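Down below is the structure, laid out as structure tokens.
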Amino acid sequence: VLAPQVRPERTPLSLAQQRIWFLSRFDSDSPLNNIPLPLRLPADLDPAALAAAFHDVIGRHEVLRTVFPEHDGVGWQKVLDIGEVRFDLTTVDVTEEEARERINHAASSGFDVTTAVPLRVELLRVPSAEYILVLVLHHIAADGSSLAPLTRDLLTAYESRSTGSEPTWAPLPVQYADFALRQRTMLGDESDPDSVIA
């Protein structure tokens, strides 16, 4: 059963993360692993509640505030404290054309995952007074299936924050780092001929 794991000094990458990390070291400017998620939101949006909700989601999901530095040529997961992560959700007024340009720029700009968290965000307001929340995730921390729970948690937190309260969700039973540690334990080491991975 997947359960919380004892965290070592340096939590290893999962096998999928290891592949993505290795390839990203060749070209951190490449947008190949970017997952863009622009969300059009109504004009009556409360930007302060959205910013608080976004902070709640970052606190809930460790992988969104993780960097992947190198030690002796090997990548590892360094989960940052929520206080170490800063996102600016100041509203930027733009035209529809400027919004498209900013979305394209956000989606096509690379991440240096060794120093930057695998998520960028921007809040745009277009002439119709609607908002566009621009989220871009790096594949080292998410995949297509991650977008639904991320959006769900953001909306849940926003509903709470817009009424002046904190979200009442239960803490997640495990985090991605727990999965990576369990995977490494189950598969073993390639240098061990008796291991599953060998």
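Run the numbers on the chain and let me know its relative contact order in percent, using alpha-carbon pairs under 8 Å that are six or more apart. It would help to have the intermediate numbers written out before the result.
Working: 303 pairs, mean separation 66.4, N = 198.
Answer for the chain is 34 percent.
Among [x] 63, 38, 27; [y] 61, 48, 30; [z] 87, 37, 27, which is the computed Cα extents along the principal axes in Å?
[x]
When ranked by the protection proxy of mean other Cβ atoms within 10 Å per residue, highest first, what sequence do the peptides 122-134, 76-88 form?
Numbers: 122-134: 17.5, 76-88: 13.8.
By packing density, highest mean first, the sequence is 122-134, 76-88.
Out of all DSSP beta bridges with both ends in the chain, state the antiparallel percent to the nearest 5. Intermediate results must be reported in sequence, preceding the final value.
Working: 21 of 24 bridges.
Antiparallel bridges: around 90 percent, rounded to the nearest 5.
Divide by every residue of the chain the summed helix terms, -39500 (n - 2.57) for each DSSP H run of at least 4, and state the resulting mean residue ellipticity at 222 nm, rounded to the nearest 500 deg cm²/dmol. Each step should come with its number before you reach the end.
Numbers: 5 runs with 66 residues, N = 198.
Calculated mean residue ellipticity at 222 nm is -10500 deg cm²/dmol.
Using a 1.4 Å probe over the heavy atoms of the protein chains, calculate the carbon and sulfur portion of the accessible area of the chain as a whole percent. Write down the numbers at each step before the final one.
Numbers: 5820 of 10860 Å².
For the chain, the apolar C and S fraction of the accessible surface comes to 54 percent.
What order, most packed first, do the peptides 89-95, 49-55, 181-187 have when packing is the mean number of other Cβ atoms within 10 Å of each residue?
On the way: 89-95: 13.4, 49-55: 20.0, 181-187: 15.1.
Put in order of decreasing packing, that is 49-55, 181-187, 89-95.
Can you tell me the accessible area per residue over the chain, all protein chains present, probe 1.4 angstrom, in square angstrom? Kindly include the intermediate steps, with their values, before the conclusion.
Working: 10860 Å² over 198 residues.
About 55 Å² of surface per residue is accessible.
Relative to the first principal axis of the alpha-carbon coordinates of the chain, what is the inclination of helix 96-108, with its axis defined by its Cα atoms, in degrees from 0 to 90 and to the nearest 10?
10 degrees
What are the equivalent ellipsoid semi-axes of region 86-152, built from the alpha-carbon gyration tensor (square roots of five times its eigenvalues), in whole angstrom, biggest first?
They are 23, 14, 11 Å, listed from largest to smallest.
The values are calculated or read from the model by the stated rules, or taken from the named source; none is laboratory data. Since the structure is predicted, the reported quantities are computational estimates derived from the model, not experimental observations. Neighbour counts are summed over all protein chains in view; Cβ atoms, including those assigned to glycine, are modelled from backbone coordinates with ideal geometry. These accessible areas exclude ligands, DNA and RNA; they are computed on the full protein's heavy atoms, side chains included. Shrake-Rupley method; radii C 1.70, N 1.55, O 1.52, S 1.80 Å.
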